[in-house]
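Below is one structure, written out as structure tokens, with a few remarks after it.
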Amino acid sequence: MKSIKAVMLAGGKGTRLRPYTLVLPKPLIPVGDVPVIESLLKWLRRNGVSDVFITIGYLGHLIKALCGNGRQWDMRINYNEEPEPMGTIGPLRLLADKLKSTFLVLNGDLVTNIDLREFVQFHKRHGGILTVAVKEKFVKVDLGVLETEMGVVTRFQEKPAIRFNASMGIYCMETEILKHIPDGIYFGFDDLMHTLLAAKIPIHTFNHEGMWMDIGREEDFFEAQKMHRNEV
């Protein structure tokens, strides 16, 4: 894992967490007493990753002030500043000359206990260019749901629970994927998925059954704080 580089995406404005993110970039929001980005970097290091690129934009100078060059965690941290918002995947084009082998990409606002070694091993076994870590989620729909065909009801469900696989914002990629990311424009993960699907390029998923929270979602943010208090 020491040869694997990680790209941490930390350039967003975190609008879902306002007013907190009016003064702090989302990756610096604390879970307990520790900024989420610090917890993420320590988690990467425990999983054998020591070389990290952090893409920054909104209030990025505060992220640099906290993380520095990573020496305090026995890591090498470099920064790539977005000249303008480029989405979740667009910033990878700015790092194309530095990503020469299998690499990880992750959002800078996660709390998880996924085993990265197992994740990367799975990715290398299937031989594809992209593996997405996913978590099975359930959403209760508090409505009667009708399925129709040509204006005629074919199925009815009263307040169903919908099961689906959600992207965890953690990806393992091969450098070939960079060919599918255009230069200089906003390009999100959704754009990448549509591009690869249209090109009939297989997208593999790795199912994680453990803990995962997206701090950018208010309900996950408060759940993470509650979990931390219970651990103290």
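The values are calculated or read from the model by the stated rules, or taken from the named source; none is laboratory data. Computed from a prediction, not measured in an experiment: that's the story for all the values here. Please note: Cβ atoms are built from the backbone with ideal geometry, for glycine as well, and neighbour counts cover all protein chains shown. These accessible areas exclude ligands, DNA and RNA; they are computed on the full protein's heavy atoms, side chains included. Shrake-Rupley method; radii C 1.70, N 1.55, O 1.52, S 1.80 Å.
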*Determine whether Val139 is open to solvent by 70 Å² or more (accessible area, probe 1.4 Å) and of a type in the set (A, V, I, L, M).*
no
- Please indicate, with yes or no, whether at least one residue in segment 176-189 is open to solvent by less than 40 Å² (accessible area, probe 1.4 Å), assigned to a helix (DSSP H, G or I), under 14 Å from Ala6 (Cβ atoms) and touching a Leu at 6+ places or on another chain (Cβ under 8 Å). no
All conditions in (1) in a loop (DSSP other than H, G, I, E, B); (2) modelled with pLDDT under 95; (3) in contact with a helix residue (DSSP H, G or I) (Cβ under 9 Å, 6 or more places away or on another chain) are true of Glu209 except (3)
Per the filter on segment 142-185, residues within 30 Å of Val52 (Cα to Cα) and modelled with pLDDT under 90 are Asp183, Gly184, Ile185
Filtering segment 33-82 for residues that are open to solvent by 10 Å² or more (accessible area, probe 1.4 Å) and in a helix (DSSP H, G or I) leaves a count of 14
Selection over segment 142-164 where residues are closer than 28 Å to Trp212 by Cα and open to solvent by 90 Å² or more (accessible area, probe 1.4 Å) yields a count of 3
Pairing a residue in segment 198-211 that is closer than 15 Å to Ile181 by Cβ with any residue that is not in a strand (DSSP E or B), where Cβ atoms lie under 6 Å and the two sit 6 or more apart in sequence or on different chains, gives Ile203/Leu196
